[in-house]
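Enquirer: Encoded as structure tokens, here's the structure I'll be asking about.
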Amino acid sequence: MAIDKKIGIILASTRYVRQGLGVANYIHGLVEPLAAKAGVSIDIIDLADHPLPFYDEPAYPMMLPKDNPSPHYINSYAKKWSTIISQYHAYIFVTPEYNGSIPAVLKNALDHLFHEWRGKPVGIVSYGTAGGARASVHLAEILSIFKVNTVATKVTFKSSPKAHDFYVAAKAPQPEDVQRWKDDGSEGAVGVMVAEILGSLLG
Ligand SMILES: Cc1cc2nc3c(=O)[nH]c(=O)nc-3n(C[C@H](O)[C@H](O)[C@H](O)COP(=O)(O)O)c2cc1C
């Protein structure tokens, strides 16, 4: 089957020692076979690999030409970020909760662009000590500005703070957390979320 649609998993935690890479790898492992069956490819877009200074563009991203905004940014890093995000047809945000919201690095990455996000299907996965539900709600509110299609099923993973070292070393969640996510339905919710994204993407 020809693969011409791409989903980007956007990893919103950038600190060197983080649980986020383990969570994103786990989500990738769940989503990849479901997406491949539908002829859709999937990549992790790690914000740590795309460092952006705080937003500093003279033009509002929403005022740039909607069909091809990338060349119209002033800063080379913004042009590059725009080009990367434009290549994807849908996104799954994987975000921790920091002080009741999303990390500043994710807000900054969102603020840099507008048309690149607009109208595309989006899934939200949050994680953290309490599952990151407040970050998930805030992210959905922000994304509504871009008129994306945030799918109904939001996934929250309660991750164990005591397992931090395991996540960092293994780049994967600790097995006890994975078992809990199977038992509490969080893992199953990923499949529902992906079906909703694929339904929106492929019609
Ligand atoms: C600065 C900071 C603020 C946090 N605030 C919250 C919070 O408001 N609610 C929560 O449930 N967990 C909170 N946590 C716990 C994180 O969600 C948890 O440590 C998660 O693993 C962080 O993701 P990361 O390791 O990928 O950065 C916070 C952690 C940090 C570092």
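Enquirer: For the stretch 85-92, check the following and say yes or no: at least one residue is more than 30 Å from PRO161 (Cα to Cα), among the β-branched types (Val, Ile, Thr) and surrounded by 13 or more Cβ atoms within 10 Å (Cβ to Cβ).
Expert: Yes, because at least one residue in the stretch 85-92 is more than 30 Å from PRO161 (Cα to Cα), among the β-branched types (Val, Ile, Thr) and surrounded by 13 or more Cβ atoms within 10 Å (Cβ to Cβ).
Enquirer: For a quick check of your reading of the model, give me the residue pairs whose first member lies in the stretch 11-35 and is farther than 18 Å from THR129 by Cα, whose second is surrounded by fewer than 23 Cβ atoms within 10 Å (Cβ to Cβ) and of a type in the set (Lys, Arg), with beta-carbon atoms closer than 6 Å and at least 6 apart or on different chains.
Expert: ASN25/LYS171
Enquirer: Can you spot a residue in the stretch 174-183 that is within 30 Å of SER70 (Cβ to Cβ), touching a strand residue (DSSP E or B) at 6+ places or on another chain (Cβ under 8 Å), within 13 Å of the ligand (Cβ to nearest atom) and at pLDDT 95 or above?
Expert: No, the stretch 174-183 contains no residue that is within 30 Å of SER70 (Cβ to Cβ), touching a strand residue (DSSP E or B) at 6+ places or on another chain (Cβ under 8 Å), within 13 Å of the ligand (Cβ to nearest atom) and at pLDDT 95 or above.
Enquirer: Another question about this same structure. Got a sec? Which of TYR127, TYR167, TYR73 is surrounded by 15 or more Cβ atoms within 10 Å (Cβ to Cβ), touching a helix residue (DSSP H, G or I) at 6+ places or on another chain (Cβ under 9 Å) and more than 30 Å from SER186 (Cβ to Cβ)?
Expert: TYR73
Enquirer: Oh, and also: I'm trying to understand the selection: among the residues of the stretch 1-43, which are polar (S, T, N, Q) and farther than 15 Å from PRO103 by Cα?
Expert: Across the stretch 1-43, the qualifying residues are ASN25, SER41.
Enquirer: State the number of residues belonging to the stretch 72-119 that are closer than 19 Å to MET62 by Cβ, within 16 Å of the ligand (Cβ to nearest atom) and free of Cβ contacts under 8 Å to residues at least 60 places away in the same chain.
Expert: 2
Enquirer: Could you tell me which of the residues SER159, SER144, SER126, SER136 is within 15 Å of the ligand (Cβ to nearest atom) and either on the phi > 0 side of the Ramachandran plot or free of Cβ contacts under 8 Å to residues at least 40 places away in the same chain (or both)?
Expert: The conditions single out SER126.
Enquirer: If only one of ALA152, ALA169, ALA163, ALA195 is touching a Ser or Thr at 6+ places or on another chain (Cβ under 9 Å) and not aromatic (Phe, Trp, Tyr), which one is it?
Expert: ALA195
Enquirer: A further question on this structure: Output the number of the condition that ALA189 fails; it satisfies all remaining conditions of (1) within 16 Å of the ligand (Cβ to nearest atom); (2) over 29 Å from PRO53 (Cα atoms).
Expert: The failed condition is (1).
Enquirer: Given the residues GLY185, GLY119, which is the only one that is on the phi > 0 side of the Ramachandran plot and either buried (at least 19 other Cβ atoms within 10 Å of the Cβ) or over 19 Å from the mean Cα position of the chain (by Cα) (or both)?
Expert: That would be GLY185, the only listed residue that is on the phi > 0 side of the Ramachandran plot and either buried (at least 19 other Cβ atoms within 10 Å of the Cβ) or over 19 Å from the mean Cα position of the chain (by Cα) (or both).
Enquirer: Related question: Look at the stretch 20-70 and say how many of its residues are within 15 Å of the chain's Cα centre (by Cα) and in a loop (DSSP other than H, G, I, E, B).
Expert: 1
Enquirer: Of the residues in the stretch 18-39, how many are under 15 Å from GLN174 (Cβ atoms) and in contact with a helix residue (DSSP H, G or I) (Cβ under 6 Å, 6 or more places away or on another chain)?
Expert: Number satisfying all stated conditions: 2.
The values are calculated or read from the model by the stated rules, or taken from the named source; none is laboratory data. Just so we're clear, the structure is a prediction, and the values are computed from it rather than from any experiment. Don't worry about glycine lacking a Cβ; one is built from the backbone with ideal geometry, like all the others, and counts go over all protein chains shown.
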